[in-house]
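Working notes, structure below.
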Amino acid sequence: MIQDIKKINFTKLNGLVPVVVQDNHTLQVLMVGFMNEEALHLTLASSKVTFYSRTKQRIWQKGETSGHFLNVVDMFLDCDEDSILILANPVGPTCHTGSLSCFQKHELPPLSHIGYLDKIISERILYPQDNSYTNQLIAKGLNKVAQKVGEEGVEVVIAALAETQDEYLGEMTDLIYHMLVLMHVKKVSLKDIAAVIAERHKRKR
């Protein structure tokens, strides 16, 4: 989170700063808007992204009419201290067209799909569905979830040694999914894993 908001330079654009909003899970760019000081303070107070509309010349909170809020996870200031990057958890589509992103032709980077899958698992836990395999698996307990990871790991080895590339990719995908489920059961996030990777990388420099 931005440590000192007094450093933000609102003078370059006559009281405004551009704001880029990314999905916290996939890092997909959701939209770009502008904030003045009032919008910034309201964003920090509500933890919901709030902009200043240049066309309507007023403060507006994303989702104020649609309910499709952008819930703030973290905020960063750029090196020139005149632009803001926000990581947010979107509630519903961000674009008024119904698209997840205002950049409708922007495809997710490959690794972002893992974050998207992780988000779906998280939503299944928060909002269980009777026909959900994820919910059915988690209901069987930690031992079963861990066992499934082991089984999928064995299938990956077999596929790598004796099956086609497509079969191998399918087994790897199954393994990653079950590992993500186990992480959720163990209360571990992708952010936790990334922190360990970063620390190991730091030590090897």
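The values are calculated or read from the model by the stated rules, or taken from the named source; none is laboratory data. Just so it is clear, the model here is predicted, and its values are computed rather than measured. All Cβ positions, glycine included, derive from the backbone under ideal geometry; neighbour counts span all protein chains shown.
Details
- When the strands (runs of 3 or more DSSP E) confined to the stretch 1-87 are screened for residues that are under 21 Å from residue 115 (Cβ atoms), those reaching at least 3 such residues are found at 17-23, 29-35, 70-77.
- Matching option when the condition is surrounded by 15 or more Cβ atoms within 10 Å (Cβ to Cβ) and of a type outside the set (S, T, N, Q), among 180, 142, 161: 180
- Which listed residue is of a type in the set (Val, Ile, Thr) and at pLDDT 95 or above, from 55, 50, 65: 50
- With respect to being over 25 Å from residue 180 (Cα atoms) and either among the charged types (D, E, K, R) or in contact with a helix residue (DSSP H, G or I) (Cβ under 9 Å, 6 or more places away or on another chain) (or both), residue 120 falls outside the description.
- Residue within the stretch 106-113 that is buried (at least 17 other Cβ atoms within 10 Å of the Cβ), outside the structural domain of residue 184 (by TED's automatic domain parsing) and not basic (Lys, Arg) present: no
- Residue match in the stretch 68-75 (condition: in contact with a Gly (Cβ under 6 Å, 6 or more places away or on another chain) and assigned by TED's automatic domain parsing to the domain that holds residue 23): yes
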